[in-house]
Every structure is written in structure tokens, then in C-alpha cells.
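The block underneath contains the structure these notes are about, expressed in C-alpha cells.
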Amino acid sequence: MKIAVITLNPGVDRIVYLPDPLRPGTMNRSTHTVMNQGSKGANQAMMLQRLGEQPTYYAFTGGAMGDFCESFTRD
């Protein structure tokens with residue numbers, strides 16, 4: 001069976017790690033951040049791949065963020 005996943009609006013998730021709980025109204029410095037592709041379509045395609053399928057993933061991308069998103073889905 002062939003599976004195609006289409007994402008019209010790919011996104012980027014950024015996770016910020018703090019050494020202590022967030023303190024509103026004060027300076028909160030992160031220890032590090034992690035950025036990943038984060039659209040629903042990309043998540044579905046990656047999960048299908050982990051389950052042994054070979055989905056074809058289509059997305060509209062462009063510029064630096066487009067290159068970043070594409071880096072997660074290249075063979």
C-alpha cells in the first residue's frame with residue numbers, strides 16, 4: 001500500500017529547557033534548546049516510518065526554515 005502525507009503548513013517546534021521552574025517577572029535563562037520539525041503531517045509521516053511503512057511526504061517549504069524542515073525528512 002502506498003501512503004502519501006501532505007502538509008500545507010509545516011512548522012518548527014522549539015523546546016526550551018530551564019534549570020529551575022519558571023519564575024514570572026524575573027530573568028529565566030535556559031540551559032539549552034532543541035528545535036525539531038513539528039507539523040501534524042511530519043509527525044504522522046515519521047511515526048508511519050517507525051512502524052515500518054514508507055510514506056511519501058509532501059510539504060511546501062522555502063528559505064532557511066524550509067531547509068531546516070527538509071533536513072528531517074531527507075532519505
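The values are calculated or read from the model by the stated rules, or taken from the named source; none is laboratory data. Worth saying up front: this structure is predicted, and the values here are computed from it rather than measured. Neighbour counts are summed over all protein chains in view; Cβ atoms, including those assigned to glycine, are modelled from backbone coordinates with ideal geometry.
In summary, residue 56 fulfils each of the numbered conditions (1) out of contact with any Lys or Arg (no Cβ under 8 Å at 6 or more places or on another chain); (2) surrounded by 10 or more Cβ atoms within 10 Å (Cβ to Cβ); (3) of a type in the set (Ser, Thr, Tyr); (4) modelled with pLDDT of 85 or more with the single exception of condition (1).
Residue 16 meets the stated requirement of being surrounded by 10 or more Cβ atoms within 10 Å (Cβ to Cβ) and either more than 19 Å from residue 70 (Cα to Cα) or modelled with pLDDT of 95 or more (or both).
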